[in-house]
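Report on the structure given below.
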2 protein chains.
Amino acid sequence: MEEHLEKLRASGRKVTPRRKAIIQLFLQEQGDLSPQDVQEALSGTTGQFGLPGIYRNLEILTTCGILFRVVTYGGERRYALCKAGHGEGHHHHIVCIACRKVGKVSDCLYKDGMMVEGFRLVSHIVQLNGLCESCAREKNDLSALQELRQQG
Amino acid sequence: MEEHLEKLRASGRKVTPRRKAIIQLFLQEQGDLSPQDVQEALSGTTGQFGLPGIYRNLEILTTCGILFRVVTYGGERRYALCKAGHGEGHHHHIVCIACRKVGKVSDCLYKDGMMVEGFRLVSHIVQLNGLCESCAREKNDLSALQELRQQG
DNA sequence: TTACCAAATGGAAATCATTTCTGTTTAGAG
DNA sequence: CTCTAAACAGAAATGATTTCCATTTGGTAA
Ligand SMILES: [Mn+2]
Ligand SMILES: [Mn+2]
Ligand SMILES: [Zn+2]
Ligand SMILES: [Zn+2]
């Protein structure tokens, strides 16, 4: 937590109860959350919590590198914690489509500034979706079970 | 064009004047377009053209592999033509942030089904943004010019 | 400790992209 | 040519996100 607050201070932002509550929430959750998820999870905990403030803060925390915005084709807004263990280097993320757990992906072909197919790369988005170990195992167990049943 | 219409037929969709007009538009344009862009470009050309129909058709044409949806952090909706030359193989796209020209990116570390960081990959998004050759040159010329001016 | 002010806040309201609905038209098969 | 599912336009609903504004507050400096 302290480490994340430091990022806030480093970027000239105030440390407020709201922001601490949001970071705390993401530290508890293992996965990504929508602004609505955040509101529901926090309602009651620290009095009311307006959605506009949540949108604002999620974006600010992302700017500070505390959160990252998960990329989806539909553009649905979801954020997750860029964990302390992820370090400072360039990396991307993989999200489990079942339990929403987040993993760090270090391998990347791209570095902004390099040439790609005749273009000078300015920015790049890489977002992976998959099944984490435990969810993959669950899914396998389930399909094995169904197979057994079908055989009678 | 005929090649694109074939994709429509192959997926059991009807070939309508609207769809032809949309494909025609993307063939003329070199870049990506928002639903609004499409409506503006097509208004007048073929009578009225309702936005709901445009949303529907852009999505359908994407399903058929004629268009692809450009990925943005903000989730803004933009589509571009997956050119005939791009072939059938797995590929991604790079878009020029200045002129919106689209290039094909064949190199990709990922193949759905493979293991990545302990996750089984289910899907992946790769979207590059850059400057195409001509726009990069323009930008360089401009900055060179400004440099000269500053030196007096 | 206190005073101060830019930053942060909540809530109401506005915005605006997207979807839903409905009645009409049409592409394409038979 | 006839018929039907698919496609269509337009009006209206929806709902996520933003804007606005009056109030509060964190952090700095006296
Ligand atoms: Mn990270
Ligand atoms: Mn393509
Ligand atoms: Zn990268
Ligand atoms: Zn790929």
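The values are calculated or read from the model by the stated rules, or taken from the named source; none is laboratory data. In this text the structure is predicted, and so the values were computed from the model without any measurement. Heads up, the Cβs are rebuilt from the backbone with ideal geometry, glycines too, and the neighbour counts pull from every protein chain shown.
Restricting the stretch B:93-152 to residues that are out of contact with any helix residue (DSSP H, G or I) (no Cβ under 6 Å at 6 or more places or on another chain) and touching a residue at least 60 places away in the same chain (Cβ under 8 Å), the residue that is nearest to ligand 2 (Cβ to nearest atom) is B:Val102.
The one condition from (1) more than 16 Å from DNA strand C (Cβ to nearest atom); (2) at positive phi; (3) in the same structural domain as A:Pro17 (by TED's automatic domain parsing) that A:Val70 does not meet is (2). Among the residues of the stretch A:48-70, those that are among the β-branched types (Val, Ile, Thr) and away from ligand 3 (no atom under 16 Å from the Cβ) comprise A:Ile54, A:Ile60, A:Thr62, A:Thr63, A:Ile66. Output yes when any residue across the stretch B:72-86 is β-branched (Val, Ile, Thr), buried (at least 17 other Cβ atoms within 10 Å of the Cβ) and within 30 Å of B:Gly130 (Cα to Cα), and no when none is. No, the conditions are met nowhere in the stretch B:72-86. Exactly one residue out of A:Gly130, A:Gly113, A:Gly118 is of a type in the set (Gly, Ala, Ser) and crowded, with 17+ Cβ neighbours inside 10 Å: that is A:Gly130. The set of residues in the stretch B:10-33 that are outside any loop (DSSP other than H, G, I, E, B) and without any contact (Cβ under 8 Å) to a residue 40 or more places away in the chain comprises B:Pro17, B:Arg18, B:Lys20, B:Ala21, B:Ile22, B:Gln24, B:Leu25, B:Gln28.
Might you let me know whether the stretch B:84-105 holds any residue that is within 16 Å of ligand 1 (Cβ to nearest atom), charged (D, E, K, R) and outside the structural domain of B:Asp32 (by TED's automatic domain parsing)? No: zero hits. What about A:Arg19, is it closer than 30 Å to B:Val70 by Cα and under 18 Å from the mean Cα position of the chain (by Cα)? Against the criterion (closer than 30 Å to B:Val70 by Cα and under 18 Å from the mean Cα position of the chain (by Cα)), A:Arg19 does not qualify.
In the set A:Arg56, A:Arg69, which member is in a strand (DSSP E or B) and without any contact (Cβ under 8 Å) to a residue 12 or more places away in the chain? Just a single option satisfies the conditions, and that option is A:Arg69.
With respect to A:Cys64, is the statement that it is touching a helix residue (DSSP H, G or I) at 6+ places or on another chain (Cβ under 7 Å), of a type outside the set (S, T, N, Q), in the same structural domain as A:Asp112 (by TED's automatic domain parsing) and under 29 Å from B:Val126 (Cα atoms) true? The answer is no for A:Cys64.
Taking (1) free of Cβ contacts under 8 Å to residues at least 24 places away in the same chain; (2) outside any helix (DSSP H, G or I); (3) away from chain B (no Cβ under 11 Å) in turn, A:Phe49 satisfies each apart from (1).
A residue that is more than 9 Å from every other protein chain (Cβ to nearest Cβ), within 16 Å of ligand 4 (Cβ to nearest atom) and not aromatic (Phe, Trp, Tyr) cannot be found anywhere in the stretch A:98-121. Among the residues of the stretch B:122-152, the ones that are on the phi > 0 side of the Ramachandran plot and either facing chain A (nearest Cβ under 7 Å) or modelled with pLDDT of 90 or more (or both) come to 0 in all. Exactly one residue among B:Gly50, B:Gly31, B:Gly44 is within 30 Å of A:Asn129 (Cα to Cα), at pLDDT below 95 and out of contact with any His (no Cβ under 7 Å at 6 or more places or on another chain), and that residue is B:Gly31.
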